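Chemist: So that we are looking at the same thing, I have put the structure below in structure tokens.
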Amino acid sequence: MYYDPFVLPFSIGLNVLLIYLVIKYIRWIRTFSPKDRRTIRRNIFSLKTLKAGKEVFLESLVHHKIFRTNPFLGYMHMCFGLGWFLLIVVGKIESLVYHTSIFNPPYFAIFFRYFHPAQETFPYCNTFAFLMDLILLMILSGLTLALLKRLYSRALGLKKTTKHRPFDLLILTVLWLIFPFRFLAESFTSGVRGGGSFLTHSAGNFFDSFLPIESLAYPAWWAYSIALGLFFLLLPFSRYMHIPTEMVYIFLKNWGIKQGKRFTAISQFQLYACSRCGICIDRCQLGSSLGQLDTQPVYFLKKIRHGKDHSVQDLNCLMCGRCEAACPVDLKLNALRLTQRPDYTRITRSTFEYIPTPSPARNKVAYFAGCMGHLTPSVIQAMERIFQKAGVDYTFIDREKGICCGRPMMLAGNHRAASVLVEKNKASIQQSGADILVTSCPICYKTFREEYHLDIQVMHHTEYLDLLIRNKQLIPHPSDQKTVFHNPCELGRGCDVYAAPAHVLQAVSQRIATAYDDKNSLCCGGSLANLYIRPEQRTQISSDALHAYLAYHPDVLVTACPLCKKTFTKTENAVPVKDIAEMVAENC
Amino acid sequence: MNFWGFSISEARVIDYDKNDKTLAQIMATEVPSSKLCIGCGGCTATCSAGNLTEFNIRKLQMLAKRGENKELQTQLHKCMLCGKCLLVCPRGVDTRRMIWSMLRFINS
Ligand code: SF4
Ligand code: SF4
Ligand code: SF4
Ligand code: SF4
């Protein structure tokens with residue numbers, strides 16, 4: 001019935017692609033651990049699936065996160081994603097209304113204008129024609145933007161655009177040709193037989209005035225079909241793998257599959273779900289401060305995927321999380337990076353035997369300063385003063401014989417050694433019998449929360465100060481010092497603590513809002529996660545970050561991490577850098 | 001036997017020709033800042049591990065540079081990689097990276 005050889009390239013391409021994807025995904029999913037599989041089975045028939053469906057719509061089609069970062073880019077992606085989706089859906093409905101059989105082959109809807117004799121009308125045929133033209137126009141406008149982006153990436157607010165391999169350029173060209181071909185094919189056909197709407201019909205008449213469209217229409221349909229088929233065949237080997245993979249990843253993520261310490265199937269999904277949008281490039285301070293443009297997730301993931309050497313990239317990352325916070329696909333970029341740092345430690349029972357068995361005094365509240373806390377005694381003094389003012393009795397776990405929380409070890413990949421430190425610290429925390437563990441160091445805080453599995457409340461001192469102030473145990477008086485807050489990576493993006501420090505700082509000073517608030521805070525450069533850059537490069541990052549904050553002319557730059565404080569004060573001392581605890585101690 | 005409270009020290013000869021300098025070379029290329037060390041001992045003074053036991057990171061890096069790797073092999077694992085030494089070093093030696101590189105070498 002409705003058949004013409006020109007549909008073959010499209011049909012073959014589509015079927016090969018579908019078979020390839022199904023095999024690939026099933027092979028990955030089969031390597032999930034039994035625990036992960038149980039999680040999937042538990043959640044597959046729950047509201048989580050609906051939630052995932054909504055997310056697929058918002059992210060994969062509307063691209064609403066890209067919109068928030070960059071409206072131009074968002075519109076461009078939406079034109080492609082949503083536009084193509086609508087073209088398929090509306091086209092399918094149109095073909096169903098015309099033919100009323102669900103079992104017409106996929107190509108029938110795609111090449112509807114070819115098969116449908118224009119003079120034959122059906123319900124709402126004009127509305128459909130109008131809609132289809134509108135959607136095509138939308139896609140073509142996105143295409144124009146994409147072309148402009150290639151030519152003038154700066155004009156669209158993107159400093160850098162991703163570099164491409166020749167193969168990527170090939171498939172990009174194929175993709176960009178699909179819709180112009182469709183436009184030409186439909187216009188020519190409309191010029192010959194009528195049909196179409198404001199776009200294709202007018203264009204058809206226009207082309208008719210100077211082109212032999214009668215003989216061009218059929219080849220144009222061939223070209224359209226070949227472009228589609230070729231795109232489907234090339235897709236698995238290109239970055240456009242992200243289109244199907246992102247959708248599967250969103251479902252897996254919503255069902256509760258987590259990126260663990262090892263590179264597993266969920267990592268594979270993430271690797272292929274990266275759309276190479278390049279948003280992570282502009283967020284990275286290694287790029288903006290040091291001009292290192294080969295380590296951002298887009299390049300890092302690409303290297304892993306194509307089996308290129310990525311040993312430098314494994315180590316060269318501050319794990320500041322700035323890219324992760326902006327990644328529209330919500331990839332777990334820090335965790336992925338960490339999977340590439342192997343554990344090479346050979347520890348024995350005696351390695352850490354030197355660490356004494358601690359026995360801190362028992363108390364309701366336990367305080368842990370952390371290694372970095374001990375490097376900045378003023379923070380500890382401030383906390384001691386605050387405890388005293390608030391009349392809180394506490395036990396100081398690592399006053400003298402403290403050890404590291406283990407996170408720096410984990411960041412170097414050495415999980416076995418870290419686990420010994422974790423056990424030792426855990427023993428002393430439990431010995432203290434405390435209900436609340438307060439720490440001054442966001443690095444310790446994150447580790448206590450995520451790796452220690454303590455059954456007591458863990459608080460960063462900003463949260464604890466906030467609690468004391470709200471309970472009126474501490475009554476600070478606001479000073480008129482103008483402050484800018486530098487939210488440490490591990491506290492804000494790392495542990496999602498934003499409100500507490502903001503409240504506390506507002507209570508003791510005049511806080512200036514900056515472009516670097518909340519998720520957009522900078523990295524101080526002191527991060528222990530980077531095992532590659534040299535100390536002077538750290539200073540460069542630190543200095544750039546400092547100047548970005550100081551552009552708001554605060555009297556004091558306030559942070560909530562002893563490592564940030566130490567790093568900034570080492571770099572420059574134009575403006576005092578204080579911990580939030582010091583600000584509170586001075587003003588109560 | 002140290003019967004009288006005195007003993008004769010073993011002969012201490014650093015034989016640069018016989019010592020294995022592979023590690024020293026790796027350090028020099030991977031962590032060029034290690035050459036900047038002036039042996040001030042700041043790192044050792046602040047060290048979390050050194051606070052609890054006989055562990056001297058300044059000495060260990062000196063031994064490594066001389067190619068005397070024996071003590072290193074038994075001692076270096078005690079480091080917790082906490083990074084305090086890196087923050088206090090007045091010369092900008094990337095001590096933590098240096099330890100990490102040495103550990104990797106020892107273990108491979
Ligand atoms: S990692 Fe995320 S932000 Fe970076 S290119 Fe991939 S999808 Fe875009
Ligand atoms: S985590 Fe930070 S340093 Fe690492 S790639 Fe992302 S933005 Fe760059
Ligand atoms: S603090 Fe720096 S300069 Fe001083 S001994 Fe240690 S590494 Fe050398
Ligand atoms: S990183 Fe190692 S050597 Fe340096 S201070 Fe910490 S425990 Fe000591």
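Chemist: Counting partner chain Cβ atoms within 10 Å of every residue's Cβ in A:366-376, what's the average?
Modeler: Per residue, the average neighbour count from other chains is 2.
Chemist: Work out the FRET efficiency for residue A:426 and residue A:134 from their Cβ-Cβ distance, taking R0 = 60 Å, and round it to the nearest 0.05.
Modeler: Computed FRET efficiency for residue A:426 and residue A:134 comes out at 0.45.
Chemist: For every other residue with a beta carbon closer than 13 angstrom to the beta carbon of residue A:201, add +1 if it is Lys or Arg and -1 if Asp or Glu, then tell me the sum.
Modeler: The answer is -1.
Chemist: Related question: At a temperature of 37 °C and a viscosity of 0.692 mPa s, determine how fast chain A diffuses translationally according to Stokes-Einstein, using the Kirkwood radius over alpha-carbon pairs as Rh; express D in µm²/s, rounded to the nearest whole number.
Modeler: The diffusion coefficient I find is 120 µm²/s.
Chemist: Ok, one more. Need one number: nm distance between label points at residue A:72 and residue A:364, each 7 Å from Cα along Cα→Cβ, rounded to one decimal.
Modeler: That separation, rounded to one decimal, is 5.8 nm.
Chemist: Right, something else. Can you tell me the orientation of helix A:242-254 relative to chain A, as the angle in degrees between its alpha-carbon axis and the longest Cα principal axis, to the nearest 10?
Modeler: 50
Chemist: Right, next: Put +1 on the Cβ of each Lys and Arg and -1 on the Cβ of each Asp and Glu in the protein assembly as shown; which of A:284, A:123, A:359 then has its Cα farthest toward the positive end of the dipole?
Modeler: My answer, from the dipole projection, is A:359.
Chemist: If you don't mind, there's one more thing I want to ask. Along the charge dipole of the protein assembly as shown, which of A:304, A:420, A:108 sits closest to the positive end, that is, farthest toward it, with unit charges on the beta carbon of Lys, Arg, Asp and Glu (+1, +1, -1, -1)?
Modeler: A:420
Chemist: For a protection proxy built on the mean count of beta-carbon atoms within 10 angstrom, sort B:19-28, A:273-282, A:396-405 highest first, please.
Modeler: By packing density, highest mean first, the sequence is A:273-282, A:396-405, B:19-28.
Chemist: Can you give me the angle between helix A:125-151 and the longest principal axis of chain A, using Cα atoms only, in degrees from 0 to 90, rounded to the nearest 10?
Modeler: 50
Chemist: What number, in percent, do you get for the relative contact order of the range A:245-338 if the mean sequence gap of Cα pairs under 8 Å and at least 6 apart is divided by its residue count?
Modeler: With pairs under 8 Å counted, the relative contact order is 31 percent.
Chemist: Nearest 0.05, what FRET efficiency do residue A:349 and residue A:57 give at R0 = 41 Å with Cβ-Cβ as r?
Modeler: About 0.15, to the nearest 0.05.
Chemist: Quick one: putting +1 on the C-beta of Lys and Arg, -1 on the C-beta of Asp and Glu, what dipole do you get for the range A:20-137 around its Cα centre, in Debye to the nearest 20?
Modeler: The calculated dipole for the range A:20-137 is roughly 1160 debye.
Chemist: Which residues among the range A:209-232 fall inside the zone where the amide N is under 17 Å from a point 7 Å beyond the Cα of residue A:118, along Cα→Cβ?
Modeler: Once the point is set 7 Å along Cα→Cβ of residue A:118, A:209-221 turn out to lie under 17 Å by backbone N, inside the range A:209-232.
Chemist: A follow-up question, please. Across peptide B:82-95, how many C-beta atoms of other chains are within 10 Å of each residue C-beta, on average?
Modeler: Taking the mean over all residues of the peptide, I get 5.
Chemist: What does the accessible area per residue of the range A:245-338 come to in Å², with a 1.4 Å probe and no ligands, DNA or RNA counted?
Modeler: It amounts to 31 Å² per residue over the range A:245-338.
Chemist: For chain A, what is the charge dipole size about the Cα centre, in debye to the nearest 20, if Lys and Arg each add +1 at the Cβ and Asp and Glu each add -1 at the Cβ?
Modeler: 1460
Chemist: Moving on. To the nearest 10 square angstrom, how much accessible area does residue A:518 have with a 1.4 angstrom probe?
Modeler: Around 80 Å² of this residue is reachable by solvent.
Chemist: Also: Could you tell me the total accessible area buried at the A-B interface, probe 1.4 Å, in square angstrom to the nearest hundred?
Modeler: Answer for the A-B pair: about 2700 Å² buried.
Chemist: How many partner chain Cβ atoms sit within 10 Å of a residue's Cβ in peptide A:106-118, on average, as a whole number?
Modeler: Partner Cβ neighbours, averaged per residue: 0.
Chemist: Suppose each label sits 7 Å from its Cα in the direction of the beta carbon; what would the residue A:31-residue A:8 distance come out to in nanometres?
Modeler: About 3.7 nm, to one decimal.
Chemist: Taking 30 Å as R0, compute the FRET efficiency from the Cβ-Cβ separation of residue B:59 and residue A:381 and round it to 0.05.
Modeler: 0.40
Chemist: Given springs between every Cα pair under 10 Å in a Gaussian network model of chain B, which of B:54, B:68, B:30 has the largest fluctuation?
Modeler: B:54
Chemist: If you don't mind, another one. Roughly how tilted is helix B:95-107, in degrees to the nearest 10 and between 0 and 90, from the longest Cα axis of chain B?
Modeler: Taking the Cα atoms of chain B, the angle to B:95-107 is about 70 degrees.
Chemist: Set Lys and Arg Cβ to +1 and Asp and Glu Cβ to -1, take the dipole of the range A:476-586 about its Cα centre, and tell me which of A:549, A:585, A:530 lies farthest positive.
Modeler: Value computed over the given set: A:530.
Chemist: Something else: For residue A:511, enumerate residues with amide H under 5 Å from its amide H, sequence gap 5+ or separate chain, H modeled in the peptide plane.
Modeler: It is A:483, by chain and number.
Chemist: Here's something else I'd like to know. Under 11 Å from the Cβ of residue A:351, count the other residues' Cβ atoms, weight Lys and Arg +1, Asp and Glu -1, and hand me the total.
Modeler: Its environment carries a net charge of +3.
Chemist: Could you list which residues have their amide H under 5 Å from that of residue A:459, counting only those 5 or more apart in sequence or on another chain, with H placed in the peptide plane?
Modeler: A:437, A:438, A:439
Chemist: Place a +1 charge on the Cβ of each Lys and Arg in the range A:230-355 and a -1 charge on the Cβ of each Asp and Glu, then give the dipole magnitude about the Cα centre in debye, rounded to the nearest 20.
Modeler: So the magnitude is around 200 debye.
Chemist: Collect residues whose amide H, placed 1.01 Å from N in the peptide plane, falls under 5 Å from the amide H of residue A:294; neighbours closer than 5 in sequence don't count.
Modeler: none
Chemist: Further question on the same structure: Which ³J(HN,Hα) values, rounded to whole Hz and listed in residue order, are derived for the range A:201-208 from phi using the Karplus coefficients 6.51, -1.76 and 1.60 in 6.51 cos²θ - 1.76 cosθ + 1.60 with θ = phi - 60°, glycine and proline given as x?
Modeler: 5, 4, 5, x, 4, 5, 5, 4
Chemist: What does the charge count near residue A:115 come to, summing +1 for each Lys or Arg and -1 for each Asp or Glu among other residues with Cβ under 13 Å from its Cβ?
Modeler: My count for the surroundings of residue A:115 gives -2.
Chemist: While we're looking at this one, here's another question. Using the Karplus curve 6.51 cos²θ - 1.76 cosθ + 1.60 with θ = phi - 60°, work out ³J(HN,Hα) for each residue of the range A:311-320 in order, rounded to whole Hz, and write x for Gly and Pro.
Modeler: Those phi angles translate into 5, 5, 4, 4, 8, 8, 7, 7, 6, 6 Hz.
Chemist: Here is a further query. Can you work out the Karplus-derived ³J(HN,Hα) for every residue in the range A:525-538? Use 6.51 cos²θ - 1.76 cosθ + 1.60 with θ = phi - 60°, whole Hz, and x for glycine or proline.
Modeler: Going residue by residue, I get x, x, 3, 7, 6, 7, 10, 10, 5, 7, x, 5, 6, 4 Hz, with x marking Gly and Pro.
Chemist: How much mean residue ellipticity at 222 nm does chain A get from its helices, if each DSSP H run of length 4 or more adds -39500 (n - 2.57) and you divide by all residues, to the nearest 500 deg cm²/dmol?
Modeler: Value at 222 nm, helices only, nearest 500: -17500 deg cm²/dmol.
The values are calculated or read from the model by the stated rules, or taken from the named source; none is laboratory data. Fair warning: this is a prediction, and the values are worked out from it, not measured in the lab. We place every Cβ from the backbone using ideal geometry, glycine too, and count neighbours over all the protein chains shown. For accessibility, only protein heavy atoms count, side chains too; no ligands or nucleic acids. Shrake-Rupley method; radii C 1.70, N 1.55, O 1.52, S 1.80 Å.
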